[in-house]
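Every number in this text was worked out from the coordinates using simple rules, so none of it is lab data. The model shown is predicted, which means the values in this text are computed figures rather than measured ones. A quick note on method: Cβ atoms are made from the backbone with ideal geometry, for glycine too, and the neighbour counts reach across all protein chains shown.
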Amino acid sequence: MTTSSTTLRAGEIAVKKGFVKKDVVDKALSIQKVTKEPLLKILLDMGAIVDVQFAQILGEQWGYEYVDLINYPVDKEVLRQVDPDKARYYGFFLMKKDQGKFHVAIADPTNIETLDYLRLALGNNLTIYVATRPAIKQSIEKYYEMETALKKAEEEATGGPEIVEVRDDVDLAKLREMGEEAPVIRIVNNFISQAIVEDASDIHVEPMENSLRVRYRVDGILHEKQSLPRSIQPGVVTRLKIIANMDIA
């Protein structure tokens with residue numbers, strides 16, 4: 001983005017879209033001669049454009065459509081196709097798969113390393129969009145962080161000495177203590193938050209032989225979402241009762 005033709009093209013697009021006046025671009029070009037930074041970054045740092053305008057210019061400059069990722073109807077089932085750590089590192093978000101084609105939002109279409117990784121991980125049948133970096137970060141946090149936090153909470157809960165087995169003779173004081181353990185609170189908060197994100201009408205927490213199954217009802221159909229360790233059942237059930245102001249006995 002630091003070549004003369006690319007720099008001028010970015011400035012022309014910014015002016016054409018009415019985001020800035022030509023004299024502002026000229027000022028940014030003067031700054032660029034000293035800093036050697038990309039023109040769009042300079043305009044952004046100057047406050048002449050905002051993140052959305054930055055992404056729209058970048059998309060038009062490199063031939064990719066801009067996408068408002070925050071309001072995009074994400075296909076949650078496709079998220080597991082990529083490692084969330086890779087999404088964070090390379091700055092992309094996998095939005096959906098439609099007719100065998102992956103639709104991906106990226107922050108920087110000039111980053112060859114990102115494009116190479118996407119082709120390696122997903123193949124060449126891709127539709128690339130440009131989104132703002134904050135929107136990509138927010139989407140990753142919204143859709144991936146809940147799962148990451150839940151796994152961490154499960155590890156903490158199962159590793160703690162207070163929540164290691166299911167028993168029928170646990171006294172009420174112990175049950176309340178288990179329901180107020182930080183890991184249990186995080187587990188319950190996370191599966192409730194995830195249910196809200198997925199527009200679930202109800203949550204089913206079901207004791208199984210070797211696990212605690214969590215299912216959401218979405219559009220009238222129950223979907224299994226989590227399989228928690230059976231050992232944390234008393235804490236989870238007690239936490240739900242505390243939230244609902246129910247008798248924990």
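When you count the other C-beta atoms within 10 angstrom of each residue and take the mean per peptide, 56-64, 210-218 line up highest first as 56-64, 210-218. Indicate the gyration tensor shape class of region 66-131 (rounded, prolate or oblate), computed on the Cα atoms with a ≥ b ≥ c the square roots of the eigenvalues: a/c under 1.5 is rounded; otherwise a/b larger than b/c is prolate and the rest oblate. It comes out rounded by the Cα gyration axes. Using R0 = 45 Å, the C-beta based FRET efficiency linking ASP23 and ARG88 works out to 0.70. Close amide H contacts of VAL130 (hydrogens built in the peptide plane, cut-off under 5 Å, sequence separation of 5 or more or a different chain): GLU65, TYR66, VAL67, ILE106. Other residues within the sphere of radius under 14 Å centred on the Cβ of ALA55, judged by their own Cβ, net out at -1 (K and R +1, D and E -1). Neighbour counts of other Cβ atoms within 10 Å put LEU122, LEU40 in the fewest-to-most order LEU122, LEU40. Our coupling estimate for region 136-142, obtained by passing each phi through the Karplus curve with A = 6.51, B = -1.76, C = 1.60 and θ = phi - 60°, is 5, 4, 5, 5, 4, 5, 5 Hz, Gly and Pro reported as x. Under the classification rounded if a/c is under 1.5, otherwise prolate if a/b is larger than b/c and oblate if not, where does region 4-50 fall, given a ≥ b ≥ c as square roots of the Cα gyration tensor eigenvalues? Oblate, since a/c reaches 1.5 and b/c is not below a/b.
Here's the list of lysines a cross-link from LYS33 could span, going by alpha-carbon distance under 30 Å and ignoring same-chain residues fewer than 8 apart: LYS16, LYS17, LYS21, LYS22, LYS41.
In this structure, LYS36 and ASN125 have a Cβ-Cβ separation that, at R0 = 25 Å, corresponds to a calculated FRET efficiency of about 0.10.
Using r as the Cβ-Cβ distance of MET46 and MET246, and R0 as 35 Å, what FRET efficiency do you calculate, to the nearest 0.05? Working from the Cβ atoms, E equals 0.05.
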